[in-house]
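Worksheet: the structure to be examined is printed underneath.
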Amino acid sequence: MTPDDPRRAAMEELAREADRIVNLILHSDLPRVDIDIQIANFRDECLRRYPDGEALFDMVYASRFERIWKQWGGERPGGPLRDDAPGEPGGY
């Protein structure tokens, strides 16, 4: 095992979690609030592992989730946008 293996495994684990959330948006009938909770938990985990990564999370993951909501998730309860949520985009 090389020194990069644990780091790579951690990044792959985060990527799998992001993919799981995308699948919830695309293929589940969960309301927006339930998926927002999943995203908030994912964000907390990302920031626990990478405390200086808040801007990167917002740029990569939050914008991805919001874009997918706008395109594919808008017909479910909660709609594609949440004006009442803190932060940008999507309040994550």
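The values are calculated or read from the model by the stated rules, or taken from the named source; none is laboratory data. The model shown is predicted, which means the values in this text are computed figures rather than measured ones. Backbone-built Cβ (ideal geometry, glycine too); neighbour counts: all protein chains shown.
Got a sec? Which of Ala10, Ala15 is more than 16 Å from Arg67 (Cβ to Cβ), without any contact (Cβ under 8 Å) to a residue 12 or more places away in the chain and among the small types (Gly, Ala, Ser)?
Values: Ala10 fails: without any contact (Cβ under 8 Å) to a residue 12 or more places away in the chain.
Answer to the check: Ala15.
Taking (1) surrounded by fewer than 16 Cβ atoms within 10 Å (Cβ to Cβ); (2) within 12 Å of the chain's Cα centre (by Cα); (3) within 17 Å of Met11 (Cβ to Cβ) in turn, Arg49 satisfies each apart from (2).
Can you tell me which residue in the range 49-92 is farthest from Asp36 (Cα to Cα), limited to those that are at pLDDT 65 or above and among the basic types (Lys, Arg)? Applying the filter and picking the extreme gives Arg49. Just so you know, in the range 21-46 the residues that are among the charged types (D, E, K, R) and over 9 Å from the mean Cα position of the chain (by Cα) include one that is nearest to Arg7 (Cα to Cα), and it is Glu45. Pick from the range 2-39 the residues that are farther than 20 Å from Trp72 by Cβ and small (Gly, Ala, Ser): which of them is surrounded by the fewest Cβ atoms within 10 Å (Cβ to Cβ)? Among them, the one singled out is Ala9.
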